[in-house]
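Step one of this worksheet: look at the structure below.
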Amino acid sequence: MHTGDTIVAISTPPGHSGIGVVRLSGANAREIASKILRFHPGHEWKPWTAALADLVDAQGHVVDQVVATSFAAPRSYTAEDLVEISCHGSPVVLRFAIERAVLAGARLAEPGEFTLRAFLNGRIDLPQAEAVRDLIDATTLYQARVAARQMEGSVSRRIRPTKEQLLELIALLEAGIDFAEDDISVAPAEEILRRLRPIEQALRDLAATFDYGKLVHSGLTLAIVGRPNVGKSSLFNRLLEQDRAIVTAIPGTTRDLVSEVAAIDGIPIKFVDTAGIRPGQDLVETLGIERSYQAMADADLTLVVVDLSEPIEPGDIALIDRAKQQGRYILVGNKSDLPRVAEVSEEFVTVSAATGEGIDGLRERIAPVGAREQEPGFITSIRHQNLLRESIEALEQARKAVEFGIPHEMLLLDLYAALRPIDAITGATTADDILNRIFSTFCIGK
């Protein structure tokens, strides 16, 4: 990308709408806008001011009446001169405005190039830039709030003190090496270890937040499994708060997977209702049961449902054992509104899909938000997680180097190796190919 060009793009989604926005950014943004717009006599560009204008063709014929808003560098989204032209939301008009701007000297923007320029111009750091994409992609209000906090710099604020501590330790050791000839004492091993511990622990604590951050960012897939007629479809409908799956007293009503996406406390969850698992009665039911097993294998979380009003059967135990082997699961005892017969030997959540009893407690077990909801600066990016692990590994090597009495010149190599991933999180030393990979996932116009 040539960052000196003036770029143009449509910043609103495709299709018909009341308003569509064409955005220009760069040193010639106002000049190009003046070539394609006709203002009232005496018009002057005033920063952060909107003005009425006509979008005209090469012959001066009016195509649309628009509102042009000017933002002056560095107080704009890109920290460059920026003009936003609000047209009526006709795709024909918006394409025409883009074509006129390109003929007047602008270049079509690449995906994410406006946000990339904001990053390159120092207006935002890399975690804030990535949060812009997350905010656009948010499907729940909670995801949007988390992304908004990251746009405000919550991750950067959390990692900054740790980086400062690491830089101070590097400076201390560098000074000791530089002035060794002057008999200036180098920090003893105990002092270095004392400084290393809080740095390593802070990074471990931040890396540990990814388990929850991944849940917030990507949600999870939840499979509901059990024998026929234990109430899987009723529970599925109750969790969704809608009659999505057919419920009857006939065993084997659900023959195929039924899925729906909903949110629990702001976490997007794909619920999958499965066929009742039993020895297949016919080919169709057998195929449905095979898909049930596959749904268990693919799910992030499995709800194994048992009927508390009937004795536990070998099929229930087999399903529980299978869920244990495959990963995270929750055992759910359904039909608590009926007299209890089942004897369950392990922890389970008691619910009644018919009355709604215990459903709120089950939702908390599925998506336990409260533990970290108030924690600032948790990470949601796998890129950040991998870089933190890389930094922690380098710090572990540094700690071992101190314990084995390795010379400080070699110890510094490990400390710099720990610093580089931290810089890559904030963008201080991020390679161009990583930047291109990140910003290519943005929509054009942002």
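The values are calculated or read from the model by the stated rules, or taken from the named source; none is laboratory data. Nothing here was measured: the structure is a model prediction, and the numbers come from that model. Glycine also receives a Cβ, built like all others from the backbone with ideal geometry; neighbour counts cover every protein chain displayed.
Determine, yes or no, whether THR12 is more than 20 Å from ARG117 (Cα to Cα) and either touching a residue at least 12 places away in the same chain (Cβ under 8 Å) or basic (Lys, Arg) (or both). Criteria not met by THR12.
In the stretch 32-48, of all residues being among the hydrophobic types (A, V, I, L, M, F, W, C) and surrounded by fewer than 17 Cβ atoms within 10 Å (Cβ to Cβ), the one that is modelled with the highest pLDDT corresponds to PHE39. The residues on offer are ALA342, ALA394, ALA401, and the sole one that is surrounded by 15 or more Cβ atoms within 10 Å (Cβ to Cβ) and in the same structural domain as TYR293 (by TED's automatic domain parsing) is ALA342. Looking across the stretch 88-133 at every residue that is surrounded by fewer than 19 Cβ atoms within 10 Å (Cβ to Cβ) and on the phi > 0 side of the Ramachandran plot, the one that is modelled with the highest pLDDT is identified as GLY105. For the stretch 430-446, name all the residues that are surrounded by 13 or more Cβ atoms within 10 Å (Cβ to Cβ) and assigned to a helix (DSSP H, G or I). ILE434, LEU435, ASN436, ILE438, PHE439 - these are the residues of the stretch 430-446 that are surrounded by 13 or more Cβ atoms within 10 Å (Cβ to Cβ) and assigned to a helix (DSSP H, G or I).
Every test in (1) surrounded by 20 or more Cβ atoms within 10 Å (Cβ to Cβ); (2) over 18 Å from ASP205 (Cα atoms); (3) at pLDDT 90 or above is passed by GLY427 save one, and that test is (3). Looking at ARG30, is it in the same structural domain as ARG107 (by TED's automatic domain parsing), within 38 Å of the chain's Cα centre (by Cα), within 21 Å of LEU108 (Cβ to Cβ) and part of a strand (DSSP E or B)? Spelling it out, it is not the case that ARG30 is in the same structural domain as ARG107 (by TED's automatic domain parsing), within 38 Å of the chain's Cα centre (by Cα), within 21 Å of LEU108 (Cβ to Cβ) and part of a strand (DSSP E or B).
Screening GLU99 on (1) over 20 Å from ALA50 (Cβ atoms); (2) assigned to a helix (DSSP H, G or I); (3) touching a residue at least 24 places away in the same chain (Cβ under 8 Å); (4) not small (Gly, Ala, Ser) shows it passes everything except condition (3). Residues in the stretch 9-52 that are over 17 Å from VAL63 (Cα atoms) and touching a Lys or Arg at 6+ places or on another chain (Cβ under 7 Å): ALA9, SER11, SER25, TRP45. The residues of the stretch 54-87 that are within 15 Å of ILE19 (Cβ to Cβ), small (Gly, Ala, Ser) and crowded, with 21+ Cβ neighbours inside 10 Å amount to a single one, ALA68. Just to verify a result, which residue in the stretch 135-187, among those that are modelled with pLDDT under 85 and in a loop (DSSP other than H, G, I, E, B), is nearest to LEU206 (Cα to Cα)? The selected residue is ALA187.
Within the stretch 12-26, the set of residues being assigned to a loop (DSSP other than H, G, I, E, B) and either modelled with pLDDT of 95 or more or of a type in the set (Asp, Glu) (or both) comprises GLY26 only.
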